[in-house]
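Data block below; observations after.
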Amino acid sequence: MAALIPRPRMQLAPGAVHVPGWLGVEQQRELVVACRGWATGPVPIRHTRLPRGGVMSVQTVCIGWHWQPYRYTRTAGDVNGSRVAPFPDWLAELGRRALVAAYEDPAAGDGYAPDTALVNFYDGRATMGMHQDKDERSGAPVVSLSIGDTCVFRFGNTENRNRPYTDVELASGDLFVFGGPSRFAYHGVPKVFPGTGDPATGLASGRLNLTMRVTGLPG
Ligand code: MD3
Ligand code: FE
């Protein structure tokens, strides 16, 4: 069913813009198909292992560059050693259109060339603790697309993982862009609400989040 309560475009902080319902159901279906393909290989989706022995509850697959704590490589040495799938032009174009929409500036996407994407899958129990994304050698914006179950997204400050922070719900089809001073803010996903997604996206359960980034790495 269509949303009964409109959710307007919102700037949470300078450079941090939430655009609810940016992706239509058909675009979400196409992204789900693409993500399913990447999840099967050449590097399969998996729970990222942390250097101190922990395992993330979220499952992740990367394209363009492989992220493992705390660096980017072309091959997935912590999974199966394969080179990750290439970052497709259509996804970079979607990223440029996302910047135009979020910043309401027809030139906002000019020159934006994301070269990696992390696809995160959350089952009903998965969460992501408060962290900064600082393994990229670029201050270019991060583009986030959500599909499936609604979650609580916690957007914090640039100093530490504690308050002040703002909680917002991210639903299927929502776009979030993090640029400028918000690029290095702490953020996390404390909760997913199982059963809130629309199966018409092709995702029967769980939550998908795709983030595009610029690594700033050569080659
Ligand atoms: C703010 N993913 O993959 S997306 C991540 O929903 C990550 O899976 C979350 O945090 C998820 O690193 C949050 C929103 C997001 C992504 C990257 C950011 C917010 C950000 C980078 C800088 C600031
Ligand atoms: Fe992050």
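Computed from the coordinates by the stated procedures, all read-outs in this text should not be read as laboratory data. Owing to the predicted nature of the structure, the values given are computational and were not obtained by experimental measurement. Positions of Cβ are generated from backbone atoms using ideal geometry, with glycine treated the same way; all protein chains shown enter the neighbour counts.
In contact (Cβ under 8 Å) with a residue 24 or more places away in the chain and either crowded, with 21+ Cβ neighbours inside 10 Å or among the charged types (D, E, K, R) (or both): does that describe PRO114?
Values: in contact (Cβ under 8 Å) with a residue 24 or more places away in the chain: yes; either crowded, with 21+ Cβ neighbours inside 10 Å or among the charged types (D, E, K, R) (or both): yes.
Judged against the criteria, PRO114 is a match.
Restricting region 159-178 to residues that are in contact with a helix residue (DSSP H, G or I) (Cβ under 7 Å, 6 or more places away or on another chain) and not β-branched (Val, Ile, Thr), which is farthest from ALA200 (Cα to Cα)?
In this case the residue turns out to be LEU175.
If we scan region 143-165, do we find a residue that is surrounded by 15 or more Cβ atoms within 10 Å (Cβ to Cβ) and on the phi > 0 side of the Ramachandran plot? Give the derivation first.
Going residue by residue through region 143-165, those that are surrounded by 15 or more Cβ atoms within 10 Å (Cβ to Cβ) are 143-157, 161, 165.
With on the phi > 0 side of the Ramachandran plot added as a condition, the list becomes 148.
Scanning region 143-165 turns up at least one residue that is surrounded by 15 or more Cβ atoms within 10 Å (Cβ to Cβ) and on the phi > 0 side of the Ramachandran plot.
Output the residues belonging to region 122-144 that are closer than 19 Å to GLY64 by Cα, hydrophobic (A, V, I, L, M, F, W, C) and more than 9 Å from ligand 1 (Cβ to nearest atom). Write out each step before concluding.
Filtering region 122-144 down to residues closer than 19 Å to GLY64 by Cα leaves 133-144.
Then drop every residue that is not hydrophobic (A, V, I, L, M, F, W, C), which leaves 140, 142-143.
If the condition is that a residue be closer than 19 Å to GLY64 by Cα, hydrophobic (A, V, I, L, M, F, W, C) and more than 9 Å from ligand 1 (Cβ to nearest atom), then ALA140 is the only one that fits.
Find the residue count for region 70-84, including only residues that are part of a loop (DSSP other than H, G, I, E, B) and surrounded by fewer than 18 Cβ atoms within 10 Å (Cβ to Cβ).
Step one: of region 70-84, the residues part of a loop (DSSP other than H, G, I, E, B) are 70, 74, 76-82, 84.
Remaining after also requiring surrounded by fewer than 18 Cβ atoms within 10 Å (Cβ to Cβ): 70, 74, 77-78, 80-82.
Looking only at that region, the number is 7.
Taking region 178-189, which residues are within 13 Å of ligand 2 (Cβ to nearest atom) and over 10 Å from LEU12 (Cβ atoms)? Spell out the reasoning first.
Of all residues in region 178-189, those within 13 Å of ligand 2 (Cβ to nearest atom) come to 178, 182-189.
Matches in region 178-189: ARG183, PHE184, TYR186, HIS187, GLY188, VAL189.
Only residues that are surrounded by fewer than 21 Cβ atoms within 10 Å (Cβ to Cβ), over 20 Å from GLY124 (Cα atoms) and either of a type outside the set (A, V, I, L, M, F, W, C) or in contact with a Pro (Cβ under 6 Å, 6 or more places away or on another chain) (or both): list them for region 169-210, please.
GLY179, GLY180, PRO181, TYR186
Just to check your reading of the model, which residue among ALA117, ALA126 is within 30 Å of ALA200 (Cβ to Cβ), outside any strand (DSSP E or B) and within 16 Å of ligand 2 (Cβ to nearest atom)? Write out each step before concluding.
Values: ALA117 fails: outside any strand (DSSP E or B).
Checking each option against the conditions leaves just ALA126.
In a helix (DSSP H, G or I), buried (at least 18 other Cβ atoms within 10 Å of the Cβ) and under 18 Å from the mean Cα position of the chain (by Cα): does that describe TRP67? Can you show your working first?
Working: in a helix (DSSP H, G or I): no; buried (at least 18 other Cβ atoms within 10 Å of the Cβ): yes; under 18 Å from the mean Cα position of the chain (by Cα): yes.
Here the answer is no, as TRP67 does not meet what is asked.
So, of the residues in region 117-129 that are buried (at least 17 other Cβ atoms within 10 Å of the Cβ) and not hydroxyl-bearing (Ser, Thr, Tyr), which turns out to be farthest from THR215 (Cα to Cα)?
First pass over region 117-129, keeping only residues buried (at least 17 other Cβ atoms within 10 Å of the Cβ): 117-122, 126, 128.
Then drop every residue that is not not hydroxyl-bearing (Ser, Thr, Tyr), which leaves 117-121, 126, 128.
Values: ALA117: 10, LEU118: 12, VAL119: 15, ASN120: 18, PHE121: 21, ALA126: 26, MET128: 21 Å.
This residue is ALA126.
Within region 96-114, can you find the residues that are hydroxyl-bearing (Ser, Thr, Tyr) and part of a loop (DSSP other than H, G, I, E, B)? Can you show your working first?
First, the residues of region 96-114 that are hydroxyl-bearing (Ser, Thr, Tyr): 103, 112.
Residue satisfying the conditions is TYR112 alone.
Mind listing whichever residues of region 32-64 are outside any loop (DSSP other than H, G, I, E, B) and within 14 Å of ligand 1 (Cβ to nearest atom)? Working first, answer last.
In the first step, residues of region 32-64 are kept if they are outside any loop (DSSP other than H, G, I, E, B); the result is 32-40, 46-49, 55-63.
If the condition is that a residue be outside any loop (DSSP other than H, G, I, E, B) and within 14 Å of ligand 1 (Cβ to nearest atom), then CYS35, HIS47, THR48, MET56, SER57, VAL58, GLN59, THR60, VAL61, CYS62, ILE63 are the ones that fit.
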